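The values are calculated or read from the model by the stated rules, or taken from the named source; none is laboratory data. All values derive from a computational prediction rather than experimental measurement. Positions of Cβ are backbone-derived with ideal geometry, glycine not excepted, and every protein chain shown enters the neighbour counts.
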4 protein chains.
Amino acid sequence: MTSTFGQLYRITTFGESHGGGVGVVIDGCPPGIPVSVDEVGRFLARRRPGQSSMTSSRQEEDVPECLSGLEDGLTLGTPLMLMVRNRDIKRSDYNDLRDVYRPSHADFTTEAKFGLRSSSGGGRASARETIGRVAGAAVAEQLLRFLIPELKVLAWVDSVGEVSASPQNPDLLTREMLDGSLLRCPDPVARIRMEELILDAKRKGDTVGGCIRGACLGVPPGLGEPVFDKLEADLAKGMMSLPAARAFEIGSGFQAALMKGSEHNDPFCFVDGRIRTVTNHSGGIQGGISNGEAILFRVAFKAVSTLFIRQDTVNKKGESRALLPEGGRHDPCVLPRAVPIVEAMALLVLTDHLLRQMVMKGARRRDVGF
Amino acid sequence: MTSTFGQLYRITTFGESHGGGVGVVIDGCPPGIPVSVDEVGRFLARRRPGQSSMTSSRQEEDVPECLSGLEDGLTLGTPLMLMVRNRDIKRSDYNDLRDVYRPSHADFTTEAKFGLRSSSGGGRASARETIGRVAGAAVAEQLLRFLIPELKVLAWVDSVGEVSASPQNPDLLTREMLDGSLLRCPDPVARIRMEELILDAKRKGDTVGGCIRGACLGVPPGLGEPVFDKLEADLAKGMMSLPAARAFEIGSGFQAALMKGSEHNDPFCFVDGRIRTVTNHSGGIQGGISNGEAILFRVAFKAVSTLFIRQDTVNKKGESRALLPEGGRHDPCVLPRAVPIVEAMALLVLTDHLLRQMVMKGARRRDVGF
Amino acid sequence: MTSTFGQLYRITTFGESHGGGVGVVIDGCPPGIPVSVDEVGRFLARRRPGQSSMTSSRQEEDVPECLSGLEDGLTLGTPLMLMVRNRDIKRSDYNDLRDVYRPSHADFTTEAKFGLRSSSGGGRASARETIGRVAGAAVAEQLLRFLIPELKVLAWVDSVGEVSASPQNPDLLTREMLDGSLLRCPDPVARIRMEELILDAKRKGDTVGGCIRGACLGVPPGLGEPVFDKLEADLAKGMMSLPAARAFEIGSGFQAALMKGSEHNDPFCFVDGRIRTVTNHSGGIQGGISNGEAILFRVAFKAVSTLFIRQDTVNKKGESRALLPEGGRHDPCVLPRAVPIVEAMALLVLTDHLLRQMVMKGARRRDVGF
Amino acid sequence: MTSTFGQLYRITTFGESHGGGVGVVIDGCPPGIPVSVDEVGRFLARRRPGQSSMTSSRQEEDVPECLSGLEDGLTLGTPLMLMVRNRDIKRSDYNDLRDVYRPSHADFTTEAKFGLRSSSGGGRASARETIGRVAGAAVAEQLLRFLIPELKVLAWVDSVGEVSASPQNPDLLTREMLDGSLLRCPDPVARIRMEELILDAKRKGDTVGGCIRGACLGVPPGLGEPVFDKLEADLAKGMMSLPAARAFEIGSGFQAALMKGSEHNDPFCFVDGRIRTVTNHSGGIQGGISNGEAILFRVAFKAVSTLFIRQDTVNKKGESRALLPEGGRHDPCVLPRAVPIVEAMALLVLTDHLLRQMVMKGARRRDVGF
């Protein structure tokens, strides 16, 4: 198990979906940074289930408690521990599943790896695990705001099933605007069709997947640590470590494979006193290092595996079993709730790389600072 | 800079394209493993330029030398250092580029990060950097063969520009078969059209991108370290750290976003005495852990940025400059040479995760082994 | 700040002395291990203050709560989070110290590093920080007991000030025996003189230091990871990271510097079917790797810096200030309470190295285990 | 095996005593730093054997070659690989030792760990392994000189056997002065007696141990990363990872255990515009963080295990064997050659911690620097 993410801004998360609680220890956050636990709570609220008929009906207040690392609203430079207790646990929902492998869940692989698994719910394979990530990112965002006020990280629902939103200009989007709709999709026309698709799937006991786009604006040039910790490599890892994530693109992504070099290359130009690129097929990263343009990426999520439809499977002994509609509380579509989680992973990666680049910058200027 | 990859099987690579040499230190390889340096050389030869009219004409023999960690053909359990000297260096090719930023190269971002850059060639941004990765993987493959003889890692060219190969059954492919054609594409019809596309681009001084598919067969269930080092997350990171990689998919990838849960879920079945899945939309990984099915992934590579066409750009001062056709030696299409590099990253990830899982397995069995 | 210790068995600790609580996240503990939280509580009780007139009068129950990673008394293979809330906090004790640097405390250096410090108490420089370490080690001990039942880690007070205990045969000691006296010193004669020394210092408002010896029995040969993570190097680091630790010896330690090679070398012999050494000047470690003999070490702790005697110092502006007897609750002698903490660090190091060696062993035997 | 040391300034060393060569990859060295490979060579020459009748007669020129990371005398921010080929290899010296365990060598433990060992010489247990460390440190020293010109790291022989040098004021020492005598001991009277002791041991085929003192001057306050990577903890680990090291002290060390708090506490004062301590029992580190005073430490080394005296031991089967005087080339006293190696480990630790502290400092000042 690896529950730590990041090199200098490091989060270590803990907690099963049906244990005592979930949370995070943040190590490496610099001292003297204003951090509001309420703001962490508001970020957490964005990923909370039970927000609408389109998401899980599990009720969790998810008010975070901070036990360390903060005093009088300022970080001490010591680890912050933030946690949320689990309250709405219904173990009985899951009791009859102990010996049956649910298709495309982590039941079988968890047992293959560990020899046992949490008796109820998904354990660490549940999306509830992401609370620690989001809490860590909510602190990261406050640190970034302190260091680079103009930096902005946004994500939105780009597609649900076959329904895609029209292309967006991320400069014109705000998080408030995106959170204004339950679907967190900025295209009002697509949104209606997405809702229909989700509610239709729900009625049928089925689920739908989709894509999320992310944009990081105001990122300074120079972030990324070739050759292995290139910025897009760490973004890819962060996103692909999310439950149900199946694909990741930076910039033009798979489309880039169809383009000639003469089409894909982003010419440099000089605008408003700084060097920029005319186009941004690179998605803000070249040679693994940010170039100051918007960092643009896309993540695909598969449909949730928990269905309210009869499915065929086997039990531990390999005997055929019919999996009847499950009584648990689950999302017909995880996409809207995945938006803040995608933002969280981008914030974590950027914060870590910003701190890493400070070493280079400080040394270049002989800026030892003592 | 981060030049180390892996947690237990760790490679640390070094070397610029136009410095004294390139190579790798492998730390964490268990002792007593038969390793042939000649076999490393043969793997390296597969990524070598100068193999045909379709790849760079740079001539490098790339015969590796091993200075440590091996005795009488067996690993000692100590670090292996493998290196290749650079021979065919033409610094003058690049002299007039010192002040100009080549579009979509790492020139600008390297300077933004480091404040300076290698005077010639791409430094560590050159594909020559991958020699260390491949050498590390060639040893990993020999370790894997010792531990799990039936494990097989393969990659092939899936598309060049708009031309795609037909779907392949990886069980029927062999590396020899794939290496049998210059393009490393198993579809003979598509191959012809791909070649035409590449040669056409070359004639025009342009370049083309494409996709590579990879398959890991015979991987035991249980590899992957949730929640952050999920197997697909580490594969994604490894692949996206490659030069020119722009997108990564596991299993159904972006296609998964279009599918209903009832379509995407892989039902379990019991075949030949073990639990398997009927379909494999998951691409062999569920909940971040291998399930014993074929691990299937795809990586998109953009077209090479070095063109033999006039391009507009700026110099360090922001002044407009025309970039005339470059005199360097470059590939019109990197795809065939990227095949062994993609295999290399998959081998490195699998080897690292195999060693990591040994800890779990040993402990579960109280198999301390002393 | 670095709050993580270990490579495979990793603890991440958190908590200030006067914040909401202190604790640990344990990542990397294998699944299926019987772990009792009550036993963790008993280990914690051994380091608790307020046990006698010789230690701090601060009252903390320190009953640990486990929020994750355990189910039905077995580890899940996921992170265990164990925490203890702070209850007996008296912030007012420290209010007048905000601008004055207490001699040999971390006040000045914490400000030099972080630019600020916790307003009260020692923050993370307090011995209360060690609760996380001890909780992590109490789980490690249960894991070790599962894997190697005969392994035993013991520590005892070897000296207080000038008073030294007679040499001990660790095979004859038990933790119960050592815990039987308040001083945790097995020599009853020395113990009386140590107590006198401590109470005399207490009467004078002064403090005393001393040494702790540790012994690890039943450690299998083969633990230790040269060249940097040699077993004695990691033990040294663990011990020297403890508050007030000033020196570390393995085996003969500084005495070894006085001996000829012919005196220090430990001849090998063959006893009871296995290869052993006649003497054990090496302290159970040769070439950085355990040899199966008792691992023997010693750690020196300076006297506690908090005195009830007037001291001269300066404030933040550099102005001379007299530091009057402090009203806080502190130990005249930290040694007895340091005993379980020293054991804790040894347990953490051994557990980590045991898991690391499993990789080597598994590979050597081709014991992939799937 | 762990062959990497450091978090941000990371060295990865490789090479056996009788393989093709030894060396280091340095990752994390900032760009634009003037580095001379000749200076690395001069540092290496200080640890070279064959310098006098008192050290091994093995002849190695040890001229380092740098294959990467440097251009026109400036670092590129990419990994530096520095290596030295092994030349004076006499395998036959060791042939008859294959089945016999030399007392207090790493033969037995290496086999216990790895199941095999290098057929000749000590493999990685040989002091030749330290070449990579020293080369890495020689670059670190040049980086430190660039960043903090006044910083100075020195070590000297403090004792050989029972003969101790008089206390020294490190401010008055220079490396040139110390290197001026073969023994690297600044006390001319003690030096004569040390030489007699060593030559007497040599005549008898025996060996002697001793202690080295180290001093780091001009270190800024604020270095050290509590709670686990305290500066003295990382120094202890670095030193205790050296071959034959047996004990480590910071500041008063074991002497501290004998002192009252009122004796050991270092009062603060204000001198020449900055806060200092009147005494320096702390050895320049308080709470794990440098306080700006001289960092003072001591390391004990046991006598070399290779003797030219008959010794009793056993072979692999446990059969008694007499080990006759060995024909290899070894030091009667390793101390003089250990001096530059001790300096090297101190340089590596300080450099790593300096870079780590830059992150804190940069963030505190909102000094993002882009």
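In table form, for the structure just shown:
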item: Boolean, B:GLY15 is within 7 Å of another protein chain (Cβ to nearest Cβ), at pLDDT 95 or above and under 18 Å from D:GLY77 (Cα atoms); result: yes
item: Selection status of B:VAL334, within 28 Å of the chain's Cα centre (by Cα), crowded, with 20+ Cβ neighbours inside 10 Å, at the interface with chain A (Cβ under 8 Å from one of its Cβ atoms) and modelled with pLDDT under 95; result: no
item: Of residues in the range B:120-132 being at pLDDT 90 or above and more than 7 Å from chain A (Cβ to nearest Cβ), the one nearest to the chain's Cα centre (by Cα); result: B:THR130
item: Scan of the range B:101-111 for residues that are in a helix (DSSP H, G or I), surrounded by 24 or more Cβ atoms within 10 Å (Cβ to Cβ) and either of a type in the set (Gly, Ala, Ser) or more than 7 Å from every other protein chain (Cβ to nearest Cβ) (or both), ordered by number; result: B:ASP107
item: Criterion (closer than 30 Å to A:GLY122 by Cβ, acidic (Asp, Glu), assigned to a strand (DSSP E or B) and without any contact (Cβ under 8 Å) to a residue 60 or more places away in the chain) met by exactly one of A:GLU196, A:GLU249; result: A:GLU249
item: Residue match in the range B:58-80 (condition: of a type in the set (Lys, Arg), out of contact with any strand residue (DSSP E or B) (no Cβ under 7 Å at 6 or more places or on another chain) and either within 19 Å of B:GLY21 (Cα to Cα) or modelled with pLDDT of 95 or more (or both)); result: yes
item: All positions within the range A:202-232 that are more than 30 Å from A:ASP352 (Cβ to Cβ), within 12 Å of another protein chain (Cβ to nearest Cβ) and surrounded by fewer than 24 Cβ atoms within 10 Å (Cβ to Cβ); result: A:LYS202, A:LYS204, A:GLY205, A:ASP206
item: Pick from the range C:18-32, criterion assigned to a loop (DSSP other than H, G, I, E, B) and surrounded by fewer than 23 Cβ atoms within 10 Å (Cβ to Cβ), ranking: farthest from the other protein chains (Cβ to nearest Cβ); result: C:HIS18
item: Cross-chain or 6+ apart pairs with Cβ under 9 Å, the range D:136-161 first and on the phi > 0 side of the Ramachandran plot, then among the β-branched types (Val, Ile, Thr) and surrounded by 23 or more Cβ atoms within 10 Å (Cβ to Cβ); result: D:GLY161/D:ILE198; D:GLY161/D:VAL208
item: The range A:199-232, residues that are hydrophobic (A, V, I, L, M, F, W, C) and free of Cβ contacts under 8 Å to residues at least 40 places away in the same chain; result: A:PHE228
item: Within the range D:164-185, tally of residues that are over 14 Å from D:ARG213 (Cα atoms), touching a residue at least 24 places away in the same chain (Cβ under 8 Å) and not acidic (Asp, Glu); result: 1
item: Exclusive hit being in contact with a Lys or Arg (Cβ under 9 Å, 6 or more places away or on another chain) and at positive phi, set A:GLY362, A:GLY318; result: A:GLY318
item: Residue count for the range D:114-149, restricted to those that are charged (D, E, K, R), farther than 13 Å from D:LEU348 by Cα and in contact with a strand residue (DSSP E or B) (Cβ under 8 Å, 6 or more places away or on another chain); result: 3
item: Qualifying positions in the range C:131-163 - of a type in the set (Val, Ile, Thr) and either in a strand (DSSP E or B) or closer than 27 Å to C:VAL208 by Cβ (or both); result: C:ILE131, C:VAL134, C:VAL153, C:VAL157, C:VAL160, C:VAL163
item: Restricting the range D:1-12 to residues that are more than 14 Å from chain A (Cβ to nearest Cβ) and crowded, with 24+ Cβ neighbours inside 10 Å, the residue that is farthest from the chain's Cα centre (by Cα); result: D:MET1
item: Inter-residue pairs, beta-carbon under 9 Å, first within 15 Å of C:PRO226 (Cα to Cα) and facing chain D (nearest Cβ under 7 Å) and in the range B:68-85, second among the basic types (Lys, Arg) and assigned to a loop (DSSP other than H, G, I, E, B), 6+ apart; result: B:LEU76/D:ARG117; B:GLY77/D:ARG117
item: Condition broken by A:ASN169, with the remaining ones in (1) surrounded by fewer than 21 Cβ atoms within 10 Å (Cβ to Cβ); (2) at pLDDT 95 or above; (3) in contact with a strand residue (DSSP E or B) (Cβ under 7 Å, 6 or more places away or on another chain); (4) polar (S, T, N, Q) satisfied; result: (3)
item: Test: residue in the range C:296-317 that is among the acidic types (Asp, Glu) and either more than 7 Å from every other protein chain (Cβ to nearest Cβ) or under 25 Å from D:PRO243 (Cβ atoms) (or both); result: no
item: Lone unmet requirement of (1) at the interface with another protein chain (Cβ under 9 Å from one of its Cβ atoms); (2) in contact with a helix residue (DSSP H, G or I) (Cβ under 6 Å, 6 or more places away or on another chain); (3) at pLDDT 90 or above for B:ARG117; result: (3)
item: Test: C:ILE289 is among the β-branched types (Val, Ile, Thr) and touching a helix residue (DSSP H, G or I) at 6+ places or on another chain (Cβ under 6 Å); result: yes
item: Scan of the range C:143-165 for residues that are farther than 17 Å from C:HIS353 by Cβ and either of a type in the set (A, V, I, L, M, F, W, C) or touching a helix residue (DSSP H, G or I) at 6+ places or on another chain (Cβ under 7 Å) (or both), ordered by number; result: C:LEU154, C:ALA155, C:TRP156, C:VAL157, C:SER159, C:VAL160, C:GLY161, C:GLU162, C:VAL163, C:SER164, C:ALA165
item: Residues located in the range D:165-213, provided they are within 20 Å of D:THR306 (Cα to Cα) and touching an Asp or Glu at 6+ places or on another chain (Cβ under 6 Å); result: D:CYS211
item: Some residue of the range C:233-245 being touching a residue at least 12 places away in the same chain (Cβ under 8 Å), of a type outside the set (Ser, Thr, Tyr), crowded, with 24+ Cβ neighbours inside 10 Å and in a strand (DSSP E or B); result: yes
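For (1) crowded, with 19+ Cβ neighbours inside 10 Å; (2) touching a residue at least 24 places away in the same chain (Cβ under 8 Å); (3) under 30 Å from B:TYR101 (Cβ atoms), each residue gets a yes or a no:
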{"residue": "B:GLN255", "(1), (2), (3)": "no, no, no"}
{"residue": "B:ASN265", "(1), (2), (3)": "yes, no, no"}
{"residue": "B:ILE289", "(1), (2), (3)": "yes, yes, no"}
{"residue": "B:VAL314", "(1), (2), (3)": "yes, yes, yes"}
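Quick grid of which residues meet (1) buried (at least 23 other Cβ atoms within 10 Å of the Cβ); (2) of a type in the set (Asp, Glu):
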residue: C:THR130; (1), (2): yes, no
residue: C:ALA135; (1), (2): yes, no
residue: C:ASP158; (1), (2): yes, yes
residue: C:LEU173; (1), (2): no, no
residue: C:SER181; (1), (2): no, no
